[in-house]
Amino acid sequence: MQKQIELKIPTGYEDITLRKWLELQNDLKNYEEDEEATTAVLLLHLCGLSPEYLTGISVDDYNLLKYELMQFIGKTDLELQRFIKIDGVEYGFEPNLSNMSYGAYADITKFGQITIDSNWAKIMNILYRPVETKSMGNYSITKYEGSKGDEKWLDVPMHIHFGALFFLFNLLTDLLSATLKYSMKEEVHPQYKQILERSGEAILQLLSSQMVMSPASTLFLKNH
């Protein structure tokens, strides 16, 4: 006897929230060396497919799903979204990072690294603040007065988060490169090196060990 189930597979990072992503990451840590278990965790978190049904999937369908996952996770050309609306409020990305307030800078650097983890919602809440004015392509955001209400970022889709992360990573990389060229030495502030190294490791791990699914699919599974 067969059972038909429909899998609603994400077609992009737009379909995955930070909350879901963090839950996925926490579970994946327990199965880093087990490829089959990793796939089962991904299917469970992103599609709601219980592990008990995996044995009923044909080899062709299983391999197809894995292939689609690997194709999706390789996408890194996500751009920074300068504006985003949450519950009717428009938030803007810090328009002048070089002139960021000391309080905002200090609160970000206290986390020790820039990567998408349990602290990432707090970082986003510092970088994005309500828009005050817009004029001729320029804009201003509210003054930083401490990070409050960061929970709202948990339900924001991952293309927004990755866009911000890759922007910061590229900015830090360019900053390090420019500093090296200017000084002709590798005497760069150690905190920059640490942030770059940790961010680089996080992105490499993301691209090599984690997968996300694409278009919706209907699978026919055997009842057990």
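The values are calculated or read from the model by the stated rules, or taken from the named source; none is laboratory data. Predicted, not measured: the structure shown is a model, and the values here were computed from it. Positions of Cβ are backbone-derived with ideal geometry, glycine not excepted, and every protein chain shown enters the neighbour counts.
Odds and ends about this structure:
- The condition of being among the charged types (D, E, K, R) and in contact (Cβ under 8 Å) with a residue 24 or more places away in the chain holds for only one of LYS85, LYS75, that being LYS75.
- Pairs where the first residue, in the stretch 1-26, is more than 17 Å from LYS122 (Cβ to Cβ) and the second is in a helix (DSSP H, G or I) and at pLDDT below 75, C-beta under 9 Å, 6+ apart: LEU7/LEU65; ILE9/LEU65; ILE9/GLU68; PRO10/PHE72; THR11/PHE72; GLY12/PHE72; TYR13/PHE72
- Residue match in the stretch 47-58 (condition: within 30 Å of LEU127 (Cβ to Cβ) and either out of contact with any strand residue (DSSP E or B) (no Cβ under 8 Å at 6 or more places or on another chain) or modelled with pLDDT of 75 or more (or both)): no
- Hits in the stretch 116-164 (condition: closer than 23 Å to ASN26 by Cβ and either assigned by TED's automatic domain parsing to the domain that holds ASN26 or in contact with a Gly (Cβ under 8 Å, 6 or more places away or on another chain) (or both)): ASN125, HIS159
- Filter result for the condition that a residue is over 19 Å from the mean Cα position of the chain (by Cα), of a type in the set (S, T, N, Q) and within 30 Å of LYS148 (Cβ to Cβ), over SER98, SER50: SER98
- Within the stretch 11-42, considering residues that are at pLDDT below 80 and over 19 Å from ASP117 (Cβ atoms), the one surrounded by the fewest Cβ atoms within 10 Å (Cβ to Cβ): GLU33
Here is a yes/no grid of residues against (1) touching a Phe, Trp or Tyr at 6+ places or on another chain (Cβ under 7 Å); (2) surrounded by fewer than 19 Cβ atoms within 10 Å (Cβ to Cβ); (3) modelled with pLDDT of 85 or more:
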| position | (1), (2), (3) |
| --- | --- |
| GLU132 | no, yes, yes |
| PHE167 | no, yes, yes |
| LEU176 | yes, yes, no |
| VAL188 | no, yes, no |
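- Qualifying residue in the stretch 97-113 (condition: surrounded by fewer than 16 Cβ atoms within 10 Å (Cβ to Cβ), touching a residue at least 12 places away in the same chain (Cβ under 8 Å), among the aliphatic types (A, V, I, L, M) and assigned by TED's automatic domain parsing to the domain that holds HIS159): yes
- Filtering the stretch 127-143 to residues that are free of Cβ contacts under 8 Å to residues at least 24 places away in the same chain and of a type in the set (A, V, I, L, M, F, W, C) leaves only MET136.
- The set of residues in the stretch 86-115 that are of a type in the set (Asp, Glu) and in contact with a helix residue (DSSP H, G or I) (Cβ under 6 Å, 6 or more places away or on another chain) comprises GLU94, ASP107.
- Flag: GLY92 matches the condition of being touching a Pro at 6+ places or on another chain (Cβ under 8 Å) and either touching a residue at least 24 places away in the same chain (Cβ under 8 Å) or among the aromatic types (Phe, Trp, Tyr) (or both).
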